[in-house]
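To keep things clear, I will list the structure first and then write my remarks on it.
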Amino acid sequence: MTLTDKIFNAGVVGAGGAGFPAHVKAKSKVEFVLANGAECEPLIHKDYELMLHFPKEIMWGLELLIESTSAKKGFFGIKEKNEKVISEVSRHLNGKTELTKLGDFYPSGDEFELVYEATGRLIPPAGIPLDIGCVVNNVETLYNIALAEKDAPVTQKFICVAGAVKKPSSFFVPVGTSFKDAIEFAGGTKVKEFGVFVGGVMMGHLTFNLDEVVTKTTAGLIILPKDHYLIKRKNQPEQNWHRIGKSACDQCSYCTEFCPRYLLGYQVEPHKVMRSLGFTKTGSAVWNQMAELCCSCGLCTLYACPEDLYPKEACDKAKTEMRDAGIKFIQQKPVKVHPIKEGRRVPLKQLIMKLKLQDYDVEAPFSSGKISVKKVCIPLQQHIGSPAKSLVKKGDVVEERQMIGKIPDGELGANIHASISGKVKEITNEFVLIES
């Protein structure tokens with residue numbers, strides 16, 4: 001059986017948040033394979049802890065992928081400040097892989113940034129790394145590829161739980177574990193009323209529902225008091241974001257001048273997208289196009305805008321409207337890196353201060369303890385592509401690692417496995433509920 005088949009059978013997807021089925025990348029032919037260990041979301045430290053404690057497995061996964069794709073070289077992107085991790089990873093480097101040391105800025109983990117830093121190549125507008133002979137995988141994805149080589153499916157997710165919790169930490173949980181159980185394993189919250197940023201405060205979403213569950217793409221849970229600045233900002237009706245922007249944006253262009261994609265040479269201009277909200281005579285059909293290449297990093301909304309407006313959300317709205325209208329923007333000029341790109345990088349410490357998170361900026365060390373959960377709710381779609389089709393029925397007894405959801409032949413997706421042993425208590429088109 002090939003590595004591609006093993007990855008597909010194991011249900012490995014991009015663990016950094018995108019959820020792209022990993023077997024597709026494994027069967028491509030490229031020049032370079034890049035391991036993304038940059039991890040730049042404020043307060044999330046799970047990749048750091050994974051690299052520190054499991055460097056051998058991660059490097060093995062990288063080597064397997066280099067061999068599978070016939071790549072001539074590998075690059076391992078790590079922040080230069082993470083000296084302990086660099087030391088551990090360096091012990092397992094082979095002759096085909098070199099370290100790419102990155103600055104402590106946001107968003108150093110963006111794959112467009114990483115590819116440029118490592119190879120000097122620029123991904124084409126609206127393109128993917130494959131277009132320039134590269135494959136990029138998060139370090140946890142590589143860890144899961146190493147397990148897949150041993151026929152072990154993805155049943156556990158490595159997450160970081162931080163913020164207003166008693167024991168900020170990083171640990172494995174069964175896929176489908178509720179946020180409530182994960183937070184309790186981190187000692188519980190320090191405050192009674194709180195919200196949870198799922199995946200990070202910059203690119204994640206805000207929830208108050210602790211029955212939501214950890215999936216294959218959940219990077220971490222950031223718990224903040226309900227009266228925190230970030231929760232007050234995020235927890236507003238969408239129409240408020242656009243109404244405020246329409247009335248207050250004075251076109252200063254700071255959002256554009258700090259945009260990482262704009263600084264790389266792409267035509268992403270959030271200040272022009274703000275015009276689509278309706279305070280000029282020119283219509284949204286024109287200005288929406290300046291959002292097409294936005295990566296939704298959130299830097300414009302949460303750092304650059306001096307008036308605390310919502311240009312990132314305007315870009316999200318614009319991209320949706322363009323997709324619904326069937327409009328595809330084509331960049332009008334060659335991609336050329338901005339001459340003062342380096343001078344406009346945003347240091348992570350500075351971003352954390354701007355976000356009023358310095359009180360929570362602490363380590364989240366690896367906890368090797370095994371979390372005990374009595375039930376898991378496993379979504380049948382935790383990936384880009386089609387949902388898996390259930391292979392079990394209500395009342396079935398299943399074993400941990402048993403395949404319970406399969407992708408139909410010829411469709412893009414990832415198989416789903418039971419993360420605990422137990423009885424199937426409920427099945428819908430969306431999830432399988434298992435109780436031990």
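Sorting LYS180, LYS319 by solvent-accessible area of protein heavy atoms yields LYS180, LYS319, largest first, with a 1.4 Å probe. For the chain, with only Lys/Arg (+1) and Asp/Glu (-1) charged at the beta-carbon, what is the dipole magnitude about the Cα centre, in debye rounded to 20? In total the dipole reaches around 400 debye.
Of the three principal axes defined by the Cα atoms of the stretch 273-329, the extents in descending order read 31, 26, 13 Å. Of interest is the spacing of the C-alpha centroids, which for the stretch 295-331 and the stretch 362-384 amounts to 31 Å. Counting only Cβ charges, +1 for Lys and Arg and -1 for Asp and Glu, the dipole size of the stretch 377-431 around its Cα centre is about 160 debye. I need the Debye-formula profile for the stretch 1-105: one equal scatterer per C-alpha, no solvent, reported as log10 I(q)/I(0) at q = 0.12, 0.23 1/Å, two decimals. So the normalised log intensities work out to -0.41, -1.35.
Accessible surface comparison of PHE329, PHE258, probe 1.4 Å, protein chains only, largest first: the order is PHE258, PHE329. Think of it as helices only: each DSSP H run of n ≥ 4 in the chain is worth -39500 (n - 2.57), and spread over all residues that comes to -8000 deg cm²/dmol at 222 nm. Beyond 17 Å, the tail of the calculated P(r) for the stretch 131-270 holds 70 percent of the Cα pairs. Here's the list of aspartates and glutamates a cross-link from LYS81 could span, going by alpha-carbon distance under 19 Å and ignoring same-chain residues fewer than 8 apart: GLU39, GLU41, ASP47, GLU49, GLU98, ASP104, ASP110, GLU113, GLU117, GLU342, ASP361, GLU363. Under 17 Å of direct C-alpha separation, and excluding same-chain neighbours fewer than eight residues apart, LYS226 reaches these aspartates and glutamates: GLU193, ASP359. Legend note: in the chain, cysteines whose Cβ sits 4.7 Å or more from every other cysteine Cβ are CYS40, CYS134, CYS160, CYS249, CYS252, CYS259, CYS295, CYS297, CYS305, CYS377.
Return the lysines within reach of LYS328: Cα separation strictly under 26 angstrom, same-chain partners fewer than 8 residues apart disregarded; answer none if there are no such residues. Leaving aside lysines fewer than 8 places away in the same chain, those within reach of LYS328 are LYS25, LYS246, LYS272, LYS281, LYS312, LYS317, LYS319, LYS336. Across every pair of non-identical alpha carbons in the chain, the mean reciprocal distance, once inverted, gives a Kirkwood radius of 22.5 Å.
Rounded to the nearest Hz, the phi-derived 3J(HN,Hα) couplings of the stretch 287-296 under the Karplus curve 6.51 cos²θ - 1.76 cosθ + 1.60 (θ = phi - 60°) are 6, 4, 5, 6, 9, 3, 9, 5, 9, 6, where x marks glycine and proline. When the charge dipole of the stretch 242-297 is built from unit charges on Cβ atoms (+1 for Lys and Arg, -1 for Asp and Glu) and taken about the Cα centre, the candidate among VAL268, GLY245, SER296 whose Cα reaches farthest toward its positive end is GLY245. Annotation for the stretch 1-56 versus the stretch 152-185: alpha-carbon center distance of 19 Å.
Heavy atoms of the protein chains alone define the surface here; on that basis the stretch 316-436 has 60 Å² accessible area per residue at 1.4 Å probe size. For SER169, the residues 5 or more places off, or on other chains, whose built amide H falls under 5 Å of its own are VAL161.
Each 5 Å bin, from zero up to the one with the longest distance, holds this percent of the alpha carbon pairs of the stretch 286-436: 2, 7, 11, 10, 10, 10, 11, 13, 13, 8, 3, 1, 0. Put a plus charge on the Cβ of each Lys and Arg, a minus charge on the Cβ of each Asp and Glu, and nothing anywhere else: the dipole of the stretch 249-331 about its Cα centre is then about 280 debye.
The values are calculated or read from the model by the stated rules, or taken from the named source; none is laboratory data. The model shown is predicted, which means the values in this text are computed figures rather than measured ones. Cβ sites come from the backbone with ideal geometry, for glycine too, and all protein chains shown count toward neighbours. Remember, those area values only see protein heavy atoms, side chains included, never the ligands or the DNA or RNA. Shrake-Rupley method; radii C 1.70, N 1.55, O 1.52, S 1.80 Å.
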